[in-house]
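Here is the structure we will look at.
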Amino acid sequence: MGEDLHKLSVKCAIFKLREKSIRLISFHDIRNELANEELEAWQKMIKVLRHEIMNSVTPIKSLTSTLIRKISTSGRTKSKSELSDEAIQNIHTGLLAIEKRNQGMLNFVESYQNLTKIKTPVFVQVNVSDLFGNITTLLVGEVKKQHIQLVTKVRPMDILIKADERLITQTLMNLIKNSIEALTDSTDGTIYLDALQENDDPVIIKITDNGPGIPLDIIDQIFIPFFTTKENGSGIGLSLSRQIMWLHHGHISANSPEGERSYIQTCILNKPKKR
């Protein structure tokens, strides 16, 4: 095998043969499967990046060509006397549109930087009941404004987690705001923020709302960086949240049961590994 690095899937099965217990352990090299998944993830990300860049570059190119035609003739620049008031106004409007698209591109780059430069978490002991209380206080005005109920439950009440309080608050706030946006047109909107830990198992935090849910054909794409269904969305919120959960040795998932008016976002918090 030399010095090749292998990534293996290990399975163990126990069965009895003539009253003897036999343990069968199998190893399967999954490098190709992982490589294919990584390639597919990159392809999806590049597709979204290309879409975002083209959305800005194409109108800028078109507007620039139009403005050049307005201020030039036969290869020379027109004098001020050759430009009508309407032409000057159109040029001004075009430049404002270009500035707006440039700002959009700058915001996009800033979003990318936020996605790739998450600070290393500083783990402290966090009381989940207190964490939920702080989040409720921060969002009380927003949920009241939209007549939404935010219901919290912690079982047991004394759950403690090792987490970076700022990052985990950022993640949960982002997930709850997703639910708030989904309930914009609802008259009986309710968001449930639940935490559960059984024995010494990982802590499970769920955000559930009674909104319209997410179509099944796109739910597997919502964690792809820059993918968004919102008109003014950056597409980094869920990607950022997933990275933060990875840094907490946990993971995040989303589920929208078919035929039900609900959207469930789940965070699993494992214990930080000892170094």
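The values are calculated or read from the model by the stated rules, or taken from the named source; none is laboratory data. Being a predicted model, the structure only gives us computed values, none of them experimental. To get the accessible areas, we keep the full protein, side chains included, count just its heavy atoms, and leave off ligands, DNA and RNA. Shrake-Rupley method; radii C 1.70, N 1.55, O 1.52, S 1.80 Å.
Okay, here's what the table says:
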quantity: Nearest-10 value in Å² for the accessible area of Thr66, using the 1.4 Å probe; calculated: 40
quantity: Under-5 Å amide H pairs with Thr190, H placed in peptide plane, nonlocal only; calculated: Gln149, Asn210
quantity: Residue-by-residue Karplus 3J(HN,Hα) for the stretch 242-249, coefficients 6.51, -1.76, 1.60, Hz, glycine and proline x; calculated: 5, 4, 4, 5, 4, 5, 9, 6
quantity: Listed residue pairs exceeding 20 Å between alpha carbons, taken from Lys144/Lys177; Lys47/Lys119; Lys119/Lys153; Lys119/Lys162; Lys100/Lys177; Lys162/Lys206; calculated: Lys47/Lys119; Lys119/Lys153; Lys100/Lys177
quantity: Residue-by-residue Karplus 3J(HN,Hα) for the stretch 150-161, coefficients 6.51, -1.76, 1.60, Hz, glycine and proline x; calculated: 10, 10, 10, 8, 10, 10, x, 5, 9, 4, 10, 10
quantity: Fully extended contour minus Cα-Cα distance, from Arg155 to Val57, at 0.36 nm per residue; calculated: 30.2 nm
